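Working notes, beginning with the structure itself.
The values are calculated or read from the model by the stated rules, or taken from the named source; none is laboratory data. Just so we're clear, the structure is a prediction, and the values are computed from it rather than from any experiment. Every residue, glycine as well, gets a Cβ built from its backbone with ideal geometry; the counts of neighbours run over all protein chains shown. All accessible areas refer to the heavy atoms of the entire protein, side chains included, with ligands and DNA or RNA removed. Shrake-Rupley method; radii C 1.70, N 1.55, O 1.52, S 1.80 Å.
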Amino acid sequence: MNKNLFYCFFLFLPLEKLITMKKILSVILTPVYLLFFGILLVVFHPIQMVTNWIWGYPVRKKVVDVLNFGLLYGLWILGTKITFRGFEKIPHDRPIIIVSNHQSTIDIPAIVVGFRKNHPKFISKIELGKGIPSVSYNLRHGGSVLIDRKNRSQSVKDILKLGKHIEATNYAASIFPEGTRTKDGTLKTFQPAGVASLIRTAPSALIVPFAIDGNYEIMKNGYFPMNIGCHLKLTALDPIEPKGLDVNEMTLRIENMIKKELGLD
């Protein structure tokens, strides 16, 4: 659906009809988007496997980028407007640590697309390492780490390993210091432990606060029906040089930066 036509269509409707029409369209368009989302995951799973087997990481990474473009911009089906800002500030010649708020599962494609030149890797719970087409395979073979939250010592070791990896490759590590995604749009307290572990083994990394605004609105009702006509704003805030900074104070600073960007301060 053409986004401009989508917004113009609603512009001249009375409020009551607008609300009713949006509800009807959300019920109609949500299954279309979810079907599109699911087809992409299923189709790209064997493509990832084949490209990884024949050509290895570089080609498989391009396949993953295309997949995530589709997953993210498929939101146009729901009339979602998507805006990336601030990425001109991001260097590509040193490791970075992306510290982001967490609103929904769509946060992942947003990070992959926005930071694709930095090869973002994720810290994910171990349960996601199996059973999900494309996603599980990418987590297992793309350089991300799968942590068992019940095994704290092993989780720390895995995060330290990821830090070493991005330090050696100038890649990016993405972390959600809230721990879990928000259910009500508020920002949970950022925990510094994961950031501290990454900095420990990636001492030359630059910290990039990343504000995700709008995914919560899309998923406010869960997966059905998804809200239509939302504006997804994805903003890379001013990078922070962590050398010489207290990690606890820096994490609080990042939390406040993102809170301000979201209009929650």
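Looking only at the range 208-243, which residues are at pLDDT below 95 and under 20 Å from PRO91 (Cα atoms)? Correct list: LYS243 only. The conditions of being β-branched (Val, Ile, Thr) and under 14 Å from the mean Cα position of the chain (by Cα) are met by ILE106. You will find that of ILE28, ILE39, the residue that is open to solvent by 20 Å² or more (accessible area, probe 1.4 Å) and closer than 15 Å to VAL135 by Cβ is ILE39 and no other.
Here is a check on your reading of the model: is LYS125 within 15 Å of the chain's Cα centre (by Cα), of a type in the set (D, E, K, R) and either at pLDDT 95 or above or within 30 Å of ARG200 (Cα to Cα) (or both)? Yes; evaluated as a whole, the condition is true for this residue. Does any residue of the range 71-78 turn out to be of a type in the set (Phe, Trp, Tyr), out of contact with any Cys (no Cβ under 8 Å at 6 or more places or on another chain) and surrounded by 14 or more Cβ atoms within 10 Å (Cβ to Cβ)? So far as the range 71-78 goes, yes, one or more of its residues are of a type in the set (Phe, Trp, Tyr), out of contact with any Cys (no Cβ under 8 Å at 6 or more places or on another chain) and surrounded by 14 or more Cβ atoms within 10 Å (Cβ to Cβ). Applying the criterion of being of a type in the set (A, V, I, L, M) and in contact with a Pro (Cβ under 9 Å, 6 or more places away or on another chain) to the residues of the range 169-193, the residue that is surrounded by the most Cβ atoms within 10 Å (Cβ to Cβ) is ALA173.
Out of the range 39-76, which residues are under 29 Å from ILE24 (Cα atoms) and over 19 Å from the mean Cα position of the chain (by Cα)? Within the range 39-76, ILE39, VAL42 qualify. If I filter the range 194-213 for residues that are without any contact (Cβ under 8 Å) to a residue 12 or more places away in the chain, small (Gly, Ala, Ser), crowded, with 19+ Cβ neighbours inside 10 Å and out of contact with any Leu (no Cβ under 7 Å at 6 or more places or on another chain), do I get at least one hit? Within the range 194-213, none of the residues are without any contact (Cβ under 8 Å) to a residue 12 or more places away in the chain, small (Gly, Ala, Ser), crowded, with 19+ Cβ neighbours inside 10 Å and out of contact with any Leu (no Cβ under 7 Å at 6 or more places or on another chain). Total residues in the range 248-265 satisfying the condition of being buried (at least 17 other Cβ atoms within 10 Å of the Cβ) and more than 20 Å from the chain's Cα centre (by Cα): the figure is 1. Exactly one residue out of THR105, THR83 is surrounded by fewer than 19 Cβ atoms within 10 Å (Cβ to Cβ), within 28 Å of THR51 (Cβ to Cβ) and among the polar types (S, T, N, Q), and it is THR105. If you filter the range 129-151 down to residues that are open to solvent by 20 Å² or more (accessible area, probe 1.4 Å) and on the phi > 0 side of the Ramachandran plot, you find that the one that is farthest from the chain's Cα centre (by Cα) is GLY131. If I filter the range 152-168 down to residues being open to solvent by 50 Å² or more (accessible area, probe 1.4 Å) and touching a residue at least 40 places away in the same chain (Cβ under 8 Å), which single residue comes out as farthest from THR105 (Cα to Cα)? So, considering only residues that are open to solvent by 50 Å² or more (accessible area, probe 1.4 Å) and touching a residue at least 40 places away in the same chain (Cβ under 8 Å), the one farthest from THR105 (Cα to Cα) is GLU167.
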